[in-house]
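First the structure, in the form of structure tokens, and then the observations on it.
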Amino acid sequence: MYKICSLFAGVGGIDLGFLETNKCEIVYANEFDKYAVETYEKNFNTKVDCRDIHDVKVNEIPEFDIMVGGFPCTSFSVAGYRKGFEDDRTGDLFFEMERIFKERRPRVIFLENVKNLVGHDKGNTFKTIIERLEEAGYKDKIKCQVLNACEYGNIPQNRERIYIVAFRDKEDFDRFQMPLPIPLNKSIKDVFNFETKVDDKYYYTEGKYKGNIYKLLTEEMDDENTVYQWRRKYVRKNQSNLVPTLTANMGEGRT
């Protein structure tokens, strides 16, 4: 079994993909958000280290073959302020991953982030990440691609992400290829049950949120076959009939 070190593990979305190969096991997971930790531990048989990653010493992490991590995207996302590495809250977190992979030099490093990472700061942010991987021993053995969930997972969601896969050994690099697209044949009605009423807390109701969100939604929503999104000050109809990527809390984006 390949041993996985999962950093910024969230609720375990990346980890699940690796586990479903039946060739991997999670030997270490780190996540700072207490609610994500609670969800992760309900879904996986792994106790999460919930310390700030800055406080995690390399020698405290068990031996592993593959490092995976969706390091926080708020510094690079179009939904945030895009301060990048200069963001004093989350901008340096990639370098915490670097601190670990430079010393351990895992066989594979798998990184995921928002599409905007590629073009952030005129491409300099992405260039820095690739350079740091190369300096750590992965030069000429890195593959990158922006993938959309609706094209690769038969999921009716527009979710574009950059995936970076770095290999220590040339043989592994040569054997690996990014996945090919697959047809999308699921619709939002295959995913959501619109027929059964659920708890009231899951619905928009008048007065639930500040401003006139409820009024605007009721006025604009006229098609049951698509999804509508509240975007700060207006309602957006998704013409593609795909669920949009949920925007971050600081953007007050809700679907």
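Any read-out appearing in this document is the output of simple, stated calculations on the displayed coordinates, not a laboratory observation. Values in this document were obtained by computation on a predicted structure and should not be read as measured data. Cβ: placed from backbone, ideal geometry, glycine included. Neighbour counts: every protein chain shown.
If packing is taken as the average count of other Cβ atoms within 10 Å, what order do 155-164, 42-51 fall into, highest mean first?
Those peptides, ordered most packed to least, come out 155-164, 42-51.
Report, in debye and to the nearest 20, how large the dipole of the chain comes out about its Cα centre when Lys and Arg carry +1 and Asp and Glu carry -1 on their Cβ.
460 debye
So what is the relative contact order for the chain, in percent, with contacts set as C-alpha pairs under 8 Å and at least six apart? Numbers along the way, then the final one.
Working: 411 pairs, mean separation 33.6, N = 255.
Averaging sequence separation for qualifying contacts and normalising by length gives 13 percent for the chain.
Pull up the cross-link candidates among the lysines for residue 122, meaning alpha carbon to alpha carbon under 17 Å and not fewer than 8 places away within one chain.
Qualifying lysines at Cα under 17 Å: 83.
Listing 240, 6 from the residue with the fewest other Cβ atoms within 10 Å to the one with the most, what is the order?
In increasing order of surrounding Cβ atoms, one gets 240, 6.
Counting pairs of alpha carbon atoms under 8 Å apart in space and at least six apart in sequence, what relative contact order in percent does the stretch 191-254 give?
Working: 52 pairs, mean separation 13.5, N = 64.
It comes to 21 percent, rounded to a whole number.
Less than 12 Å apart at the alpha-carbon level, and either on another chain or at least 8 residues along: which aspartates and glutamates does that give for residue 3?
Cross-link targets: 15, 25, 63, 65.
Given the rule -39500 (n - 2.57) for each run of at least 4 DSSP H residues, summed and divided by the residues of the chain, what is its mean residue ellipticity at 222 nm, to the nearest 500 deg cm²/dmol?
-6500 deg cm²/dmol
Diagonalise the Cα gyration tensor of the stretch 191-254 and give the resulting equivalent ellipsoid semi-axes, square root of 5 times each eigenvalue, largest first, whole Å.
Equivalent ellipsoid of the stretch 191-254: 18, 16, 13 Å, largest first.
For the pair residue 39 and residue 221, how long in nm is the line joining their label points, each one 7 Å along Cα→Cβ?
Computed distance between label sites residue 39 and residue 221 equals 2.1 nm.
May I ask for the percentage of alpha-carbon pairs in the chain that lie more than 30 Å from each other? Don't jump to the answer; show the numbers that get you there.
Details: 11227 of 32385 pairs.
Taking all Cα-Cα pairs of the chain, the fraction more than 30 Å apart is 35 percent.
Excluding residues fewer than 8 places away in the same chain, name every one of the aspartates and glutamates whose C-alpha is closer than 16 Å to that of residue 115.
151, 160
What nm value, rounded to one decimal, do you get for the distance between residue 144 and residue 176 when each label is placed 7 Å out toward the C-beta?
About 1.4 nm separates the two model spin labels.
Counting other C-beta atoms within 10 Å, which of 39, 205, 245 has the fewest, and how do the rest follow?
Least to most surrounded, the residues fall as 205, 39, 245.
Greater than 19 Å separation of Cα atoms is the criterion. Which listed pairs, 189/210; 189/237; 57/139; 208/233; 139/170; 143/170, meet it?
189/210; 57/139
Evaluate the distance, in nm, between pseudo-label points positioned 7 Å from the Cα of residue 92 and of residue 52 along their respective Cα→Cβ axes.
0.9 nm
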